[in-house]
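The values are calculated or read from the model by the stated rules, or taken from the named source; none is laboratory data. Just so we're clear, the structure is a prediction, and the values are computed from it rather than from any experiment. All Cβ positions, even for glycine, are placed from backbone atoms using ideal geometry, and neighbour counts span all protein chains on display.
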Amino acid sequence: MSLFSRSVLMTGPTTAVSEFALGVREYVTKKIGTEVSLWSMQFGGPVGTMVYSARVDGHAGLAAITAPLAGDSTYEAMLAKGAEFLGGPPTDALREPLDGASGGDPPPVGAVAVITTAIIGNGRYADAIGWGLDTAAHATKVSGMPVAFFSDLYGPFGQVTWIGVSPDMAALDAANAKINTDAAYIDMLSAAGDLFVPGAAHRSMAVRVG
């Protein structure tokens, strides 16, 4: 299953923004018959960024489940009402799992996701993908936090993404304490060498709120 996400920068009173975003999530989930998760970006992105995500069966699956929203008057009215909260145009992403770790149920409300992106450099695609898979597997084993590895189908060419999910903030702290003191993990990071574009890596953190 691929991972679709839509990031939206929202401004305005926190309560009003939350009510709107949660209302859209609930309506879309019921309308398309697929669970949509709502995440609030905490670090690594503009304050107020909300991210909707859903697991989809590739491009065709995404088109099929979103078709019921086309021309839906209730949905369009909700978006029109929420236009006052928009801080800019939404950004969509579609990621393909490379390790088969994105199956199962979506994380529960309160879960914390750490998203790390990097861009493969110097034509080292095979080596970088292999390194990315090994690193995700090792981080999962050491930290106890499931880490999935994805290829970004759109956006910067050659971009890959690791997404680690913890049940809550305390679990994230515990996972970080383990992985940041693991000598083998540190060695793996050092071994990345010229696999990725220098200075292009980015890390963010979001909490599921709906």
Next item on the list: Among residues belonging to the range 94-144 that are outside any helix (DSSP H, G or I), more than 15 Å from the chain's Cα centre (by Cα) and among the aliphatic types (A, V, I, L, M), point out the one that is surrounded by the most Cβ atoms within 10 Å (Cβ to Cβ).
Entry: Ile120
Notebook entry, point to check: Could you give every pair whose Cβ atoms fall below 8 Å, whose first residue belongs to the range 107-136 and is without any contact (Cβ under 8 Å) to a residue 40 or more places away in the chain, and whose second residue is of a type in the set (Asp, Glu) and in a loop (DSSP other than H, G, I, E, B), counting only separations of at least 6 or pairs across chains?
Noted result: Leu133/Asp99; Ala136/Asp99
Margin query: Exactly one condition in (1) in contact with a Pro (Cβ under 8 Å, 6 or more places away or on another chain); (2) within 21 Å of Val51 (Cβ to Cβ) is false for Thr140; which is it?
Written below: (2)
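Okay, residues lined up against (1) among the aromatic types (Phe, Trp, Tyr); (2) assigned by TED's automatic domain parsing to the domain that holds Asp187; (3) in contact with a Leu (Cβ under 7 Å, 6 or more places away or on another chain):
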position	(1), (2), (3)
Leu79	no, no, no
Asn122	no, yes, no
Ala126	no, yes, no
Val142	no, yes, no
Phe157	yes, yes, no
Thr161	no, yes, no
Check: Inside the range 110-150, can you point out the residues that are touching a helix residue (DSSP H, G or I) at 6+ places or on another chain (Cβ under 8 Å), of a type outside the set (A, V, I, L, M) and within 15 Å of Asp99 (Cα to Cα)?
Finding: Trp131, Asp134, Thr135, His138, Pro146, Phe149
Note to self: Restricting to the range 188-209, count the residues that are over 29 Å from Ala111 (Cα atoms) and either under 15 Å from the mean Cα position of the chain (by Cα) or assigned to a helix (DSSP H, G or I) (or both).
What the structure shows: 1
Next item on the list: Please verify whether the range 148-156 includes one or more residues that are of a type outside the set (A, V, I, L, M), touching a Gly at 6+ places or on another chain (Cβ under 6 Å) and surrounded by 14 or more Cβ atoms within 10 Å (Cβ to Cβ).
Entry: yes
Notebook entry, point to check: Within the set of pairs 6 or more residues apart or between chains, which connect a residue that is touching a residue at least 40 places away in the same chain (Cβ under 8 Å) inside the range 71-97 to a residue that is of a type outside the set (Asp, Glu) and exposed (fewer than 12 other Cβ atoms within 10 Å of the Cβ) with Cβ atoms less than 8 Å apart?
Noted result: Asp92/Tyr154; Ala93/Tyr154; Leu94/Tyr154
Item checked: Residue selected from the range 169-183 under the condition assigned to a helix (DSSP H, G or I) and not small (Gly, Ala, Ser), by the criterion nearest to Gln42 (Cα to Cα) -> Met169
Notebook entry, point to check: What are the residues in the range 65-82 that are assigned to a helix (DSSP H, G or I) and touching a helix residue (DSSP H, G or I) at 6+ places or on another chain (Cβ under 9 Å), if any?
Noted result: Ile65, Thr66, Ala67, Pro68, Leu69, Thr74, Tyr75, Glu76, Met78, Leu79, Lys81, Gly82
Next item on the list: Could you pull out the residue among Asp72, Asp105 that is more than 17 Å from Pro146 (Cβ to Cβ) and of a type in the set (D, E, K, R)?
Entry: Asp72
Notebook entry, point to check: Within the range 12-34, which residues are surrounded by 14 or more Cβ atoms within 10 Å (Cβ to Cβ) and touching a helix residue (DSSP H, G or I) at 6+ places or on another chain (Cβ under 9 Å)?
Noted result: Gly12, Val17, Phe20, Ala21, Gly23, Val24, Tyr27, Val28, Lys31, Ile32, Thr34
Notebook entry, point to check: Is it true that Ala77 is surrounded by 14 or more Cβ atoms within 10 Å (Cβ to Cβ), at pLDDT 95 or above and either farther than 20 Å from Leu3 by Cα or acidic (Asp, Glu) (or both)?
Noted result: no
